[in-house]
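Here the structure comes first, spelled out in structure tokens, and everything after it is commentary.
Coordinate-derived values only; no laboratory data. The model shown is predicted, which means the values in this text are computed figures rather than measured ones. For neighbour counting, all protein chains shown are included, and Cβ atoms are generated from backbone atoms with ideal geometry for every residue, glycine included.
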């Protein structure tokens, strides 16, 4: 019974750690021209947005394209990191079950 309790406790602590790791996921991307910087969290939600004076030289369509492309690139980075965390957790879980 002690072994089972210890295993459950380890799994609980690992899940708490996983939740904290996920909450800390951030990704930042800067447009090629440096005009726009976007930071997102692990859900792809916007956390920070910065513009340089270079945006004043962009047309509205160009501004929109660069903003969306930069935000998408940041979200992709965040999702890759989130995927890595999930893979690590799954690997740990399968080792515990198999080993």
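Before moving on, here are some points about what is shown:
- Gaussian network model of the chain, springs between alpha carbon atoms under 10 Å - residue of 35, 73, 27 with greatest fluctuation: 35
- Taking 56, 31 and counting other C-beta atoms within 10 Å, the order from fewest to most: 56, 31
- Residue 52-residue 72 FRET efficiency (beta carbon distance; Förster radius 25 Å; 0.05 resolution): 0.80
- Relative to the dominant Cα principal axis of the chain, helix 60-98 is inclined by about 10°.
- Compared with the dominant principal axis of the Cα atoms in the chain, helix 2-23 is inclined by about 0°.
- Taking 0.36 nm per residue of sequence separation and removing the Cα-Cα distance, the residue 2/residue 79 pair yields an extension gain of 23.9 nm.
- Shape analysis of the stretch 2-98 based on the Cα gyration tensor places the equivalent ellipsoid semi-axes at 41, 11, 7 Å, largest first.
- Here the Gaussian network model covers the chain, with springs between Cα atoms less than 10 Å apart; of 69, 21, 33, 33 fluctuates the most.
- The mean sequence distance of close C-alpha pairs (under 8 Å, at least 6 residues apart), as a share of the length of the chain, puts its relative contact order at 27 percent.
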